[in-house]
Amino acid sequence: MWKNHLKIALRSLGKNKLFTGLNMLGLALGLSVASLLLLYVQDELSFNSSHQKKDDIYRVLVHADFDGQKETLGTAPNAVGPTAKESIAGVKEQVRFMKHNFGDKAFINAGDKKLVESDLYWVDASLFDVFDIHLIYGNPAEALNEPNQILLSESAALRYFDRINPLGESLTIDGRHVMNVTGVYEDLPQNISFDAQMIGSFLTPKWMQKQTWSNSSYETYLLLEQNVEVSQVEQAMSQLIEDNVPVENRWYTFSLQSLNDIHLYSADISSAYSARLGDPKQLKLLSLLVIIIILIACINYMNMSTARSQRKAKEVGINKAVGATRGQLIRQFYTETAVLIGFSFLLSFVLILIFTPIFNFLAEKSFSFLDFLNPNFFVGSLLIALVITLISGAYPALYLSRFSPKSLFQNTTYSSGKGGASIFRKGLVILQFTASVVIIVATLVFFKQLQFAQQGNLGYQPELVVGILTAGAENVSQINALNNGLRQMTEVVAVGRTQSFPGNGGSGRTIAKPEDNNQVLPIESNRAGAEIVDLLGLHLLAGKTLPNRAVTKEDSVVQVILNETAVEFLGYTPEAAIGRSVPELFWQKRADIVGVVEDFHFESFHKPIAAYAFHNNPSEWRSFTLVKLSTDNLSSSMQKVKATFEQTIPNSAFEYTFIDEHLETLYRAEQKVARIFLVFAVLTIFIACLGLFGLTAYTAERRRKEIGIRKVLGATVFNITKLLSLDFLKLVMLALLIAIPVAWYIMHLWLENFAYHINIQWWIFALAGTTATIIALFTMSFQSVKAALVNPIGALRSEG
């Protein structure tokens, strides 16, 4: 029986090559796109799953409430981990991570190589007791037990020493730490949060050895005993604060975050080190996109199958007349569907081979075709194909199998195109184009918001300002020589040393209200010099820039420039703030306000503008030299900057960042999703148009005699084209009316993730609707014009 069904299915598909080809291409595109997106979703959900103890590993979070402003930090004081292990039952082990210089890049000298490392971490020796880091060379029990020991990833070993086993070799970090290579570990997979290329012994930087409860800068992980109640450990950690922190310094509380949740649920957590963060909302959007694409591909098949009902009616009628049951016919139609989807499934793997490199670029992943041959994924793809078979084959099988033999001799609704099948097809076309317009609107809003964030008024001028990292200098004299050399260049407008720059973080502190020191506000601070106002093009509202003099550790008074938000919290106007002091900013030192600048966006548009301070207190190292350029030949100017750097700081690599380019990286997640939506919006519309193309072709074929008669009676090509296209165009217009409010609601929810965002303007919907309408009209017109140009004599002679 099944053998006969298969033969009939192959014969039927072969007879209708146009419909078979369109359906196969649409289904294959749907399957390949869905497979790529599902692999992405699966990869995001699998983060940190390679650690065997993942279910018992928790990160310590610090929660602070500053005058009603709540903040959660992914880093904790360095005393928390060791104290928790010693004092709390159920804490089996702890490990602390400190990214080099609070996240700055490290300058590495290995032999005659001068390189820069972005991912150097200082880590406790207990690392191997908590996480699964596999050493290729070296002994995990001894690799991080002493100061000045360092582990390299395979890639780092090759980069620094040109071989995979450099045990016993040494390298120098920032010209200060001479490190011995004690191990090489396998390159860490992309789907874990820990992104280290180099792991140094936590015992190396001397300033990190003093255990304190104030400097919340260390990512701390606890390994709990199995079946321990997390809430009980959190209660015990609250007791640690009471036992170890003076009442006036208890500005924070603790909680624990499961390792399984870190990747997707850390967007609102600040100060964490890993850049590998996901977004559950974006993951839901992509999952929804998978469903939409699969449904559109299924709708194409159902549409074109039911559109051919007139021809199928005769076949069904004859089969029933000779004794076929409805169950046999349902199996026959499902077999035809399964065969078509089987061919589409094979074709989809060819398309995956083509699309994977493009998708990797869009999604910033490194998938290979082998990932699609993974047994779990392959079984999942087969299940998707089965679901598509059941969905797309259901309506044709159930609808067409109910035709009776007498329908051969009647002018029934399915042949006239006015019955339930016609209504169902129209509903499916509306659904397809509704989904397509929603995706187009989403894509336009994505890019418009990104443009707003990247080109909007930041409150300062980052263009042509380059930050040169000088942490590799051997002494301050080299940095001063660099800055003096840069000032001699005609292209240089201003030069100055800073701790950081907007978008790159700073030091977190708090300020208090003058009349009540218990009311505090978090403030980001940045040590800078007098040139900072000119370097960044800040707008001074009152006062002046920082004084052009060195401040020593012995000075009891320092100077600050505050932004409007900080001054408003203190209760002053900009003019009244000048000469006042900022309570609690530098503890024993008095911080006098010398200037007030207009608020500027020193973080992404996701967050509202917070308090900010530039200062000259020598509490932080100024790792950057900022250079403002004025040039028509940027490449040539940067070559001169590089030459000056290499002449004055010869033993360090030249590492620089353009501030405006760095700011774009703050929206990397949105850029990635926008790119994905753009490509898949095009593919979704293409798949929808395949179905519309097939339906128009079939309508033209079914009405060929009517078209012939109209042409004989004088109808023009335009008249015929209008006749065949108008009904479908009405459906597209109805889809627009449905899609607009749906798209507005969805994108309104997405924009709420930004503190500053665009308003969704009417032209976005107009552009999306016009685009969909033009594409649909072009698709329909191609077949309509073709039908209108056919010689009417042939149509009138036919019996169909």
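The values are calculated or read from the model by the stated rules, or taken from the named source; none is laboratory data. Because the structure is a prediction, the values reported are computed rather than measured. Reconstructed Cβ throughout: ideal geometry from the backbone, glycine too, with neighbour counts over all protein chains shown. Remember, those area values only see protein heavy atoms, side chains included, never the ligands or the DNA or RNA. Shrake-Rupley method; radii C 1.70, N 1.55, O 1.52, S 1.80 Å.
Tabulated data for the structure shown
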| read-out | value |
| --- | --- |
| Rounded FRET efficiency, nearest 0.05, which uses the C-beta distance separating Trp621 from Gln647 and R0 of 30 Å | 0.85 |
| Accessible carbon and sulfur surface of the chain relative to its total accessible area, %, 1.4 Å | 55 percent |
| Isotropically averaged projected area of the range 568-661, using the convex hull of Cα atoms (one quarter of hull area), nm² | 9.4 nm² |
| Computed lengthening from Leu18 to Glu248, 0.36 nm per intervening residue step minus Cα-Cα distance | 75.0 nm |
| Distant-in-sequence amide H partners of Phe658 (H built 1.01 Å from N, under 5 Å) | Gly467 |
| Area accessible to solvent at Lys284, 1.4 Å probe radius, in Å² | 150 Å² |
| Fully extended contour minus Cα-Cα distance, from Phe361 to Asn517, at 0.36 nm per residue | 51.0 nm |
| Interchain or long-range residues, amide H under 5 Å from His539's placed H | Glu598 |
| Degrees separating the helix 375-400 axis from the principal Cα axis of the chain, which is the longest one | 30 degrees |
| Accessible heavy-atom area order of Thr773, Thr253, highest first, probe of 1.4 Å | Thr253, Thr773 |
| Accessible area of the chain divided out per residue, in Å², using a probe of 1.4 angstrom | 44 Å² |
| Using alpha-carbon coordinates, inclination of helix 634-648 to the longest axis of the chain, degrees | 30 degrees |
| For Met733, solvent-accessible area (1.4 Å; no DNA, RNA or ligand), Å² | 90 Å² |
| Inter-probe distance in nm under a simple model that places probes 7 Å from Cα toward Cβ, at Tyr656 and Gln761 | 3.6 nm |
| Full-stretch length increase - Leu283, Ile423 - with 0.36 nm per residue and alpha-carbon distance subtracted | 47.0 nm |
| Residue (of Phe765, Ile388, Leu629) at the positive-pole extreme of the chain, dipole from beta-carbon charges | Ile388 |
| Unit charges on C-beta of K, R, D, E only; dipole of the chain, Debye | 6320 debye |
| Among Ala681, Leu751, Thr172 - extreme Cα towards positive end, dipole of the chain, charges at beta-carbon | Ala681 |
| Angle in degrees between helix 280-307 and the longest Cα principal axis of the chain, rounded to the nearest 10 | 10 degrees |
| Nitroxide proxy distance, nm - points 7 Å out along Cα→Cβ at Ala669 and Asp65 | 2.5 nm |
| Expected 222 nm ellipticity per residue - DSSP helices of 4 or more, -39500 (n - 2.57), all of the chain, to 500 | -16000 deg cm²/dmol |
| Protection proxy ranking of 762-770, 442-450, 87-95 - average other beta-carbon atoms within 10 Å, highest first | 442-450, 87-95, 762-770 |
| Taking N as its residue count, the alpha carbon Rg of the range 224-274 over 2.2 N^0.38 Å | 1.37 |
| Phi-based couplings in Hz for the range 37-50 (Karplus 6.51, -1.76, 1.60; Gly and Pro marked x) | 5, 5, 5, 4, 4, 4, 5, 5, 6, 8, 4, 6, 6, 6 |
| 3J(HN,Hα) from dihedral phi, the range 516-530, Karplus parametrisation 6.51/-1.76/1.60, rounded to Hz, x for glycine, proline | 8, 6, 7, 8, 10, 9, x, 9, 8, 10, 8, 6, 8, x, 4 |
| Considering only the chain, percent of DSSP beta bridges that pair antiparallel, nearest 5 | 75 percent |
| Out-of-range pairs (alpha-carbon distance over 23 Å; input Lys281/Lys607; Lys54/Lys92; Lys99/Lys628; Lys448/Lys607; Lys114/Lys672) | Lys99/Lys628; Lys114/Lys672 |
| FRET E, pair Phe452, Lys705, Förster distance 51 Å, beta-carbon r, rounded to 0.05 | 0.35 |
| Paramagnetic reach from Asp268 in the range 573-611 [backbone N under 18 Å; point 7 Å along Cα→Cβ] | 604-610 |
| J(HN,Hα) series, the range 209-226, from Karplus relation 6.51 cos²θ - 1.76 cosθ + 1.60, nearest Hz, glycine and proline x | 7, 6, 7, 10, 10, 10, 7, 8, 10, 10, 5, 10, 10, 10, 9, 8, 5, 4 |
